[in-house]
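What follows is a short report on a single structure.
The values are calculated or read from the model by the stated rules, or taken from the named source; none is laboratory data. Computed from a predicted structure; not experimentally measured. Cβ sites come from the backbone with ideal geometry, for glycine too, and all protein chains shown count toward neighbours.
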There are 2 protein chains.
Amino acid sequence: MGLRERKKLATRRALREAAVRLTLERGLENVTVEAISAEADVSPRTFFNYFATKEDALLDDVPVSLDEEAREEFVAGGPTGVFTEDLGALLMASLLVSGDLGRQRADIALRRQLMDREPHLLPGLLSRFHDVERSVASAMAERAGVPLDDARSQVAAAAAMAATRQSMKGVPEHEEGVDELRARLGEAFRTLGDVFAPGRRG
Amino acid sequence: MGLRERKKLATRRALREAAVRLTLERGLENVTVEAISAEADVSPRTFFNYFATKEDALLDDVPVSLDEEAREEFVAGGPTGVFTEDLGALLMASLLVSGDLGRQRADIALRRQLMDREPHLLPGLLSRFHDVERSVASAMAERAGVPLDDARSQVAAAAAMAATRQSMKGVPEHEEGVDELRARLGEAFRTLGDVFAPGRRG
DNA sequence: GAGAAATATTGCGCGCACTGCAATCGTTGT
DNA sequence: ACAACGATTGCAGTGCGCGCAATATTTCTC
């Protein structure tokens, strides 16, 4: 990777982090693009070369698609062959980007603080989850060999994302490992089975 | 209802409809608040007495909470006592506001056109669904007699809303009655059971 | 019905988000 | 070194969104 691209990444990161920090300090309405840019040592005009809106900068590190490798394995029917197991693995691999769990927890906690302080960021966050949801739906359809816009896949994907969101909610509070997070996800899946398949227990 | 309140409702409606119509005609970026206000015969400043943003006006008729009556019946364990049945009834009663199905279908179709033409409205729409989702979760928790922030209820509510969204997608295309819509919702619920309760088939 | 109280509408001014354009600066390949 | 490319910046402009004070309209009281 050349100097140019590294610099761009650094600038983008600096802008994002400045935006997040200032917003948590003062609240978004008291943070101007000018202030963010100054913090990142670029001109205000440059900010808009990177982000279309202030909000975009704040949510820039939220994943919007699946991990390509994990997706391929899922579509191929792996890694275990058990649908809910593999689905969980796909989601975990895609949404827990950094290998470092400590940093991961910090990121999630930070995002949570942001949402608490600035609730109108929630639509943007949900929209990004929705993007992932569509990717999940298409991956499911591919794996099952049905059309990409299959209704069953879309419903299942939406439910899976809901379960994922819910599982991630408790993360910042508890000191838990990746395996425990996966357990929580599995439990959420089981809840869905319990609720929507009544009388089919055991 | 006094004259004052009726007038306010009329103004709000006029602003919303003007905003929707103009947006579908020219695209949102080519529609100014000034133009919308002119269409509704109020001053631009008045627009902002009703809506915080242009986008808010466009999504003003999207429900954000449950029908109060239906909610009470659901919490009390009715109307049938079968969970998924009652959940479907609650959602149908809350999201299909107008008794007139023809108008309902027109509204949904209009909203769909809006989303096609202006994708950046999607976050706002999802956010409103999310509000409903939280109401559904609390209603479920109440009915089950568990704490309001119960994780299982929240997962189930999110999945239920996903199923509802999916069921509504086909509405504008097909000429179908309310009963057929309910059937589609029931099918979506069954899909969830199938997917997340493997090996538990009846 | 007339006047007072409450509330809605409006005009004005302002800060700032966001954009197109053209100039400039820094990076990259020959 | 020089050319080619791409990123940064300044400038000017549009329009959103809001606080405030003035005005118009409805509602309440007698």
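Can you tell me which residue in segment B:175-188 is surrounded by the most Cβ atoms within 10 Å (Cβ to Cβ), limited to those that are more than 9 Å from chain A (Cβ to nearest Cβ) and at pLDDT 90 or above?
Ranking the candidates gives B:185 first.
Quickly run through segment B:134-150 and pick out the residues that are more than 14 Å from chain A (Cβ to nearest Cβ), crowded, with 16+ Cβ neighbours inside 10 Å and either of a type outside the set (D, E, K, R) or in contact with a Lys or Arg (Cβ under 8 Å, 6 or more places away or on another chain) (or both).
Result: B:135, B:138.
In the list B:134, B:103, which residue meets the criterion of being modelled with pLDDT of 90 or more and assigned to a helix (DSSP H, G or I)?
So the residue among B:134, B:103 that is modelled with pLDDT of 90 or more and assigned to a helix (DSSP H, G or I) is B:134.
Among the candidates A:46, A:53, single out the residue that is closer than 30 Å to residue A:133 by Cβ, hydroxyl-bearing (Ser, Thr, Tyr) and within 12 Å of DNA strand D (Cβ to nearest atom).
Of the residues listed, the single one that is closer than 30 Å to residue A:133 by Cβ, hydroxyl-bearing (Ser, Thr, Tyr) and within 12 Å of DNA strand D (Cβ to nearest atom) is A:53.
Considering only segment B:64-73, I want to know if a residue exists there that is part of a helix (DSSP H, G or I), within 15 Å of DNA strand D (Cβ to nearest atom), in contact (Cβ under 8 Å) with a residue 12 or more places away in the chain and not aromatic (Phe, Trp, Tyr).
no
Taking the conditions exactly as written (without any contact (Cβ under 8 Å) to a residue 60 or more places away in the chain and either of a type in the set (Asp, Glu) or outside any loop (DSSP other than H, G, I, E, B) (or both)), does residue A:55 satisfy them or not?
In short, no.
For segment A:15-33, give me each residue that is modelled with pLDDT of 95 or more and within 10 Å of DNA strand D (Cβ to nearest atom).
Passing the criteria: only A:15.
Residue-wise test of (1) surrounded by 20 or more Cβ atoms within 10 Å (Cβ to Cβ); (2) facing another protein chain (nearest Cβ under 10 Å).
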residue: B:119; (1), (2): no, yes
residue: B:132; (1), (2): yes, no
residue: B:163; (1), (2): yes, yes
residue: B:190; (1), (2): no, yes
residue: B:193; (1), (2): yes, yes
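Going through segment A:27-44 one residue at a time, which ones are in a helix (DSSP H, G or I) and loosely packed, with under 12 Cβ neighbours inside 10 Å?
A:29, A:30, A:34
Find the residue count for segment A:31-73, including only residues that are within 24 Å of residue A:144 (Cβ to Cβ) and either within 10 Å of DNA strand C (Cβ to nearest atom) or within 14 Å of chain B (Cβ to nearest Cβ) (or both).
Looking only at that region, the number is 1.
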